[in-house]
Amino acid sequence: SAPGPELAADVIEPGPKAARKPPVGHPIGLLAELTHRCPLRCPYCSNPLELERRDGELDTATWKRVLSEAAALGVLHVHLSGGEPTARPDLVELTAHCAKEGLYTNLITSGIGRAPGMIDALFDAGLDHVQLSVQGASAPTADRIGGYKGGHEAKLAFARRVVELGLPLTLNAVIHRGNIDEVEDILALAVALKAKRLEVAHTQYYGWAYVNRAALMPARPDVDRSIALVEEARKRLEGVLVIDMVIPDYYARYPKPCTGGWGHRTLNVTPTGKVLPCHAAESIPGLDFWSVRDRALGDIWRENPAFNAFRGTDWMPEPCQSCERRDMDFGGCRCQAMALVGDASATDPACSKSPFHARMEALATLEATGAAPDYIYRTIGGAPAPREAEAHL
Ligand code: SF4
Ligand code: FES
C-alpha cells in the first residue's frame, strides 16, 4: 500500500471556508484497507509493522454493511486498498455493492497477484478508477524495491489492460533514494502507458518507511532536481498528463494538511474493522479506536473520543494556535509529531515554526549522505523492534 497521496484529491484543499463548518461534518473519502496481504514487499509500505493475518479480516457481509453506512454518512469516494485488495476473492462483489450504493470506487493496486485475472470482472462490476503503484521505471530497480522478480513487467501488462478497458489510470510512484534518478523515466512511462494522472510521491515516513528511513531518505539536491523535473513536465504535458507531487516532509517549510485535518474529511477502516482518522493513527498511544464489529460507522465517526482528540483547532498548542495557517494545514501530522517529538499534540516538526524543525532537517541530511543500509522488507510477522534511540529528535 502506498502512503496517503491517493487521498490527496480529497484532502489537500480545505481552506478557511471548510474551517468555518461545525467541527463534526461528514467524511467524503473512505480508505477501505481490505487486507494487509500483498505479493510485494516494499520497504516504504505505509501499513503498520504488525500486519493483520487473513483470519482476522472482516467478512464480506460486514464490509457491505460498512460501505452502506459510509454512503449514508455522506462518503463519496471509496478507495479499495490494502495490502493488495485483489487478494480478497470477494472484491468484485464489494465493488458491485459500492456501485449499487452510488459510491465512486478507486482500486489501489500493485497490479500483480490476482489483479490481472480480476480486472475485467471489476470493470463489469462498475469500478470507476485504477491507481497502480510502480516502484521505478526500469525492471531491475522496480523489482529490487518491490522484492518481487518479474513484478514490473506484469504491472505494465496490467496497466495496458486497464487503459484498453477505458478505465482512467493513475500511476503512483513513491520516490526515494533508490529510484529518484528515474523520475524523468517515470514521467515518460506514464505518458507511454496513457495514464491520466501521475503521482510523484516522495516517501512519507510511517510504518515500514519509518523503519527504513535511512535507506530511503534522498539527498536535498536530488529532491530539488526531481521537483524541477516535475515542474517542467507539468508545463510540457498540459492536457496530456496531470501530475501531482508530494514533497518530502523532512525538507519542507510547512507541513502537509495531513488527511485534510483529523476527523474532518476522511476515515480508514482497517482489515480487522478498526476505524481510524488516518492510516498511522494506532501509533499514538492512549487512543482507543472503536471497531465496526461493535458499532455503526456513523456513531464511531461522531462519538469516538479518539476522533475528537484532534478535531478542529481548539486542541492546538502554540505556535499553531495563533498561526494564520492553522485552518490550512491543521498543524500538520499528529502521527509525525508523535514519532519525532513524542507528543501527538505538538506542532508537526515539518513546520519551520516548530522548535524541532532544524533537527528534523539535519537528521534527513545525515541519513541521506551516510551509507544506505539494506532494506528491511515488509513481511507479515516480521516487524522489527522500534528504534528507541532514534525515536525522538
Ligand atoms: Fe501550520 Fe502550526 Fe506551522 Fe502554523 S505553526 S504553519 S498552523 S504547523
Ligand atoms: Fe498524519 Fe496520522 S498520518 S495524522
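Computed from the coordinates by the stated procedures, all read-outs in this text should not be read as laboratory data. These figures come from a predicted structure and were not determined experimentally. Every residue, glycine as well, gets a Cβ built from its backbone with ideal geometry; the counts of neighbours run over all protein chains shown.
Between residue 231 and residue 359, what is 0.36 nm times their sequence separation minus the Cα-Cα distance? Round to one decimal in nm.
43.2 nm
For labels at residue 272 and residue 291 in the simple 7 Å Cα→Cβ model, what's the distance in nm?
The answer from the label model is 0.7 nm.
Taking square-rooted eigenvalues a ≥ b ≥ c of the alpha carbon gyration tensor, is segment 270-393 rounded, prolate or oblate, where a/c under 1.5 means rounded and, failing that, a/b exceeding b/c means prolate?
In terms of gyration-tensor shape, oblate.
Given 235/353; 155/235; 64/256, which pairs have Cα atoms separated by over 30 Å?
In this structure, 235/353; 64/256 exceed 30 Å between Cα atoms.
Spin-label point model (7 Å from Cα, Cβ direction): what's the residue 192 to residue 325 distance in nm?
Here the answer is 3.8 nm between the modelled labels.
I need the shape label for segment 67-114. Rule: rounded when a/c is under 1.5, else prolate if a/b > b/c, else oblate, with a, b, c from the alpha carbon gyration tensor.
Prolate shape, in that a/c is at least 1.5 and a/b is the bigger ratio.
Quick one: compute the contact order of the chain, relative version, from alpha carbon pairs under 8 angstrom and 6+ residues apart, as a percent.
Over the chain, the number comes to 21 percent.
Taking just the alpha carbons, could you work out the radius of gyration and Dmax for the chain, both in angstroms?
Using the Cα atoms of the chain, the pair Rg, Dmax is 19.7, 54 Å.
How high is the relative contact order of segment 221-290, given as a whole-number percent (alpha carbon pairs under 8 Å, six or more residues apart)?
Computed over segment 221-290, the figure is 15 percent.
Once amide H atoms are placed 1.01 Å from N in the peptide plane, what residues at a sequence separation of 5 or more from residue 243, or on another chain, have their amide H within under 5 Å of its amide H?
Distant-sequence amide H within range of residue 243: 198.
Quick one: which residues, 5 or more positions from residue 203 or on another chain, have an amide H under 5 Å from its amide H? H modelled 1.01 Å from N in the peptide plane, none for Pro or chain starts.
Correct list: 175.
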